[in-house]
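In what follows, a single structure is set out as structure tokens and then discussed.
The values are calculated or read from the model by the stated rules, or taken from the named source; none is laboratory data. Please read all numbers here as calculations on a predicted model, not as lab measurements. Note that each Cβ is placed from the backbone with ideal geometry, even for glycine, and that neighbours are counted across all protein chains shown. Accessible surface is based on the protein model in full, side chains and every heavy atom, while ligands, DNA and RNA are left aside. Shrake-Rupley method; radii C 1.70, N 1.55, O 1.52, S 1.80 Å.
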Amino acid sequence: MLTCKSVDSLLREMYPLPHRLFGLTEKEYGTNEWRMRRMIANIIVGGSRDVQAVRATEALFELYTLDDLANLDQFDYQRREIADLLELKHKIRYAGKKAEYIQHAVRAVKENFDGQLPRDVKELTSLPGVGPHAAAVLRALAFGVVDSFGVDLHVRRIAKRMGLVDEKATDKKIEKMFVEHSKVPGHLSRALVEFGQQYCRFHPSCKKCPVAKQCPQLK
């Protein structure tokens, strides 16, 4: 029988937290510049693969600095160039909207938070393109807030498919369940996303799944 605790220990072991620099040096890891790039990667990734979002973020900062992105005088030209970069070179979905989110989010951080990415949930979700899930991911991966847990379509699907929650469970209930039973909820949230992309997809790869024998869907 699968339990939240067994899922927690297995998946966190299977999927270590990624160590990404987003085009920066090791010395710049954990700085505000790195956190801002982490935020932009989170805006970009929705509907796309992580590797695409990371490469697109690195390519973006080969063209622009954060100050460039916040420059209102260049917004229209930059938006078109960013959208083309995301869509044509890196196959990112919803590129036009994401280009707009990136510009306005960077501008909002500069104007409302003195250029420093905030760690508070309410402040993070005030940024264009940063929803509750992205805010939870940023708190966990950019600020090391270990009890921050993000629920997205992968997490929601896996929790219900494995019988960890009932089919009518809200995102809040799913979040509460995982936070209460995981040693490092922020890490587990990230691991569930990778597991959902690799095995427990919309059409799952059950024959290859490492927890298939315990999964209630296969009983």
Please tell me if Tyr77 is modelled with pLDDT under 95 and over 21 Å from Ala191 (Cβ atoms). yes
Segment 18-36, residues that are touching a Leu at 6+ places or on another chain (Cβ under 7 Å) and either under 13 Å from Leu138 (Cα atoms) or among the hydroxyl-bearing types (Ser, Thr, Tyr) (or both): Tyr29, Asn32, Trp34, Arg35, Met36
What residue, among those in segment 129-145 that are outside any helix (DSSP H, G or I) and touching a residue at least 60 places away in the same chain (Cβ under 8 Å), is farthest from the chain's Cα centre (by Cα)? Phe143
Considering only segment 162-183, state which residues are exposed (fewer than 14 other Cβ atoms within 10 Å of the Cβ) and either among the hydroxyl-bearing types (Ser, Thr, Tyr) or in a loop (DSSP other than H, G, I, E, B) (or both). Asp166, Glu167, Lys168, Thr170, Lys183
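Each row is one residue, and each column tells you yes or no for (1) acidic (Asp, Glu); (2) under 18 Å from the mean Cα position of the chain (by Cα).
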position	(1), (2)
Ala53	no, yes
Thr57	no, yes
Glu87	yes, no
Gly96	no, no
Ile102	no, yes
Val109	no, no
Phe113	no, no
Given Ala41, Ala56, Ala105, which one is touching a helix residue (DSSP H, G or I) at 6+ places or on another chain (Cβ under 6 Å), within 17 Å of Ala142 (Cβ to Cβ) and open to solvent by less than 10 Å² (accessible area, probe 1.4 Å)? Ala41
Quick one: Lys98 ticks every box in (1) buried (at least 20 other Cβ atoms within 10 Å of the Cβ); (2) among the basic types (Lys, Arg); (3) without any contact (Cβ under 8 Å) to a residue 24 or more places away in the chain bar one, so which box is it? (3)
Could you check segment 1-76 for helices (runs of 4 or more DSSP H) lying wholly inside it with 2 or more residues that are of a type in the set (Val, Ile, Thr)? 32-45, 50-63
Take the conditions of a type in the set (A, V, I, L, M) and either at pLDDT 90 or above or crowded, with 16+ Cβ neighbours inside 10 Å (or both) and apply them to Ala135. Does it pass? yes
